[in-house]
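The values are calculated or read from the model by the stated rules, or taken from the named source; none is laboratory data. These figures come from a predicted structure and were not determined experimentally. As a convention, Cβ positions derive from the backbone with ideal geometry for all residues, glycine included, and neighbour counts pool all protein chains shown. These area figures cover heavy atoms from the full protein model, side chains too; ligands, DNA and RNA do not enter into them. Shrake-Rupley method; radii C 1.70, N 1.55, O 1.52, S 1.80 Å.
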Amino acid sequence: MEIVVSGIRPTGNLHLGNYFGAIRNFLKMQEENNCYFFIADYHSLTTHPTPEDLHGNVKQVLVEYLAVGLDPEKATIYIQSDIPEVTELYLLLNMNAYVGELERCTSFKEKVRKQPNNINSGLLTYPTLMAADVIIHKAAKVPVGKDQEQNLEMMRTFAKRFNRMYETEFFPIPVAYNFGGDLVKIPGLDGSGKMGKSEGQGNAIFLADDPKDIRKKVMRAVTDSGPTEMNQTKPEAIENLFSLMKVVSTEDTITHFNNLYNKCEIRYGDLKKQLAEDIINFTSPLRERILELSQDNEYLKKVAAIGAEKARESASKTIKEVREIIGFRKF
Ligand code: TRP
């Protein structure tokens, strides 16, 4: 079993795009590997959340990931800030992380542009903290999206540098977790692009949305004035609605609306009504579980405590050895 580590940013609620993307991969990974999944709350301090927001976001993310099936019996699920060893490794790695290379990271440069009034050193050393997150468990693999590729490269750089400096092969050099290309792209409801929370109101369907909101969002989805020729290729906005049906509706439903489209007899209102009901059917059990778990602080506390204990066991072992390698030795 390989050691896999992934951090989850505690921002925003899960939507269908997350579910059919990252989440399904997480569920598969936890069956096949020794997974460490954590909520990256230290990282989120770079944006200066209020204490209430910080705690609320961490709770929401924990609840939703548990609701979709992340399993504390199969994976180690923990909160980053429960593992002080991570901060120690972060400090140690920072001694060998050069300001120049950190400044050249595209995500840092982007932050400098986006938040010119809050260019804190946590942003600069974001990649060192990520490296600490991963190599503290001597991980072999990290599931990363396109936007995190450079951060993975930095982790590899820091792990290799440590090994080179101390002439050891202590840290494995982590590689990207390869999903074998079965990533399903879930489009948004605004007629273009993928589902995302930053793409504007109503573009994403959240797992916690209630049926009323789902109906409203789907009924407002972008369409066109309808096909004018038999068997016409579908424009993107229409193709998107069919892509959504592919993940929540039955074959029969899809065939039915496809045939109507091809015969130019489709009524988008009917298609949307059906799609909304199928989405509701799919998300309802998840939504109920989310509501249930958010009331159950006792259970959340237990999950976090068990996760922290398991994660610290692995982290403290690494830190002890790292200290020894660096030369912090007992008299
Ligand atoms: N930076 C990641 C994100 O924005 C979250 C993260 C923090 C992470 N530490 C990590 C991901 C370690 C993978 C491994 O999504």
Practice prompt. Could you order Phe37, Phe170 by accessible surface area, starting with the largest, using a probe radius of 1.4 Å?
Written response: Phe170, Phe37
Practice prompt. Go through region 206-286 and name the GluC sites (Glu not before Pro) that are in a DSSP coil and have 16 or fewer other Cβ atoms within 10 Å of their Cβ.
Written response: Glu229, Glu265
Worksheet, complete the sentence: Taking Cα atoms, the helix 126-135 axis meets the longest principal axis of the chain at an angle in degrees (rounded to 10) of 80
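Contact order normalised by length for the chain, with contacts defined as Cα pairs under 8 Å and 6 or more residues apart; what percent is it?
22
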Worksheet item: Along the charge dipole of the chain, Cβ charges K/R +1 and D/E -1, which of Pro172, Thr106, Asn13 sits furthest on the positive end?
Response: Thr106
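Got a number for carbon plus sulfur as a percent of region 1-143's accessible area, 1.4 Å probe?
Working: 3140 of 6040 Å².
That fraction is 52 percent.
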Fill in: Pairwise label distance in nanometres, Glu32 with Arg113, each label 7 Å out on the Cα-Cβ vector
3.6
Discussion item. Tell me the accessible surface of Lys197 in square angstrom (1.4 angstrom probe, heavy atoms of protein chains only), to the nearest ten.
Written reply: 110
Fill in: Mean separation of Cα contacts under 8 Å, 6 or more apart, over the residue count of region 197-291: relative contact order %
41
Worksheet item: Once the dipole of the chain is set up with Lys and Arg at +1 and Asp and Glu at -1 on Cβ about the Cα centre, which of Asn203, Leu260, Ala40 lies farthest towards its positive end?
Response: Ala40
Response to the item:
Descending accessible area (1.4 Å probe), largest on the left, turns Tyr19, Tyr166, Tyr78 into Tyr166, Tyr19, Tyr78
Discussion item. Computing the accessible area with a 1.4 Å probe over protein heavy atoms, can you report the carbon and sulfur percentage for region 197-291?
Written reply: 46
Worksheet item: If ligands, DNA and RNA are left out, what is the accessible area of Thr46 with a 1.4 Å probe, given in Å² to the nearest 10?
Response: 10
Discussion item. Quick check: the angle from helix 268-295's long axis to the longest principal axis of the chain, C-alpha only, nearest 10 degrees?
Written reply: 30
Worksheet entry | Accessible-area value, Arg323, 1.4 Å probe, nucleic acids and ligands omitted, Å² | 90
Practice prompt. Would you mind getting the accessible area per residue of region 202-331, heavy atoms of the protein chains only, 1.4 Å probe, in Å²?
Written response: 60
Practice prompt. Report the FRET efficiency, 1/(1 + (r/R0)^6), for Thr47 and Lys146, where r is their Cβ-Cβ distance and R0 is 25 Å, rounded to 0.05.
Written response: 0.75
Fill in: Cβ-placed point charges (K, R +1; D, E -1), dipole of the chain about Cα centre in debye, nearest 20
660
Item to complete: Could you go through region 208-213 in sequence order and give the Karplus-derived ³J(HN,Hα) for each residue, using 6.51 cos²θ - 1.76 cosθ + 1.60 with θ = phi - 60°, rounded to whole Hz, and x for Gly and Pro?
Response: 8, 4, 8, x, 4, 5
Worksheet entry | For region 44-82 versus region 265-331, the gap between their alpha-carbon centres in whole angstrom | 6
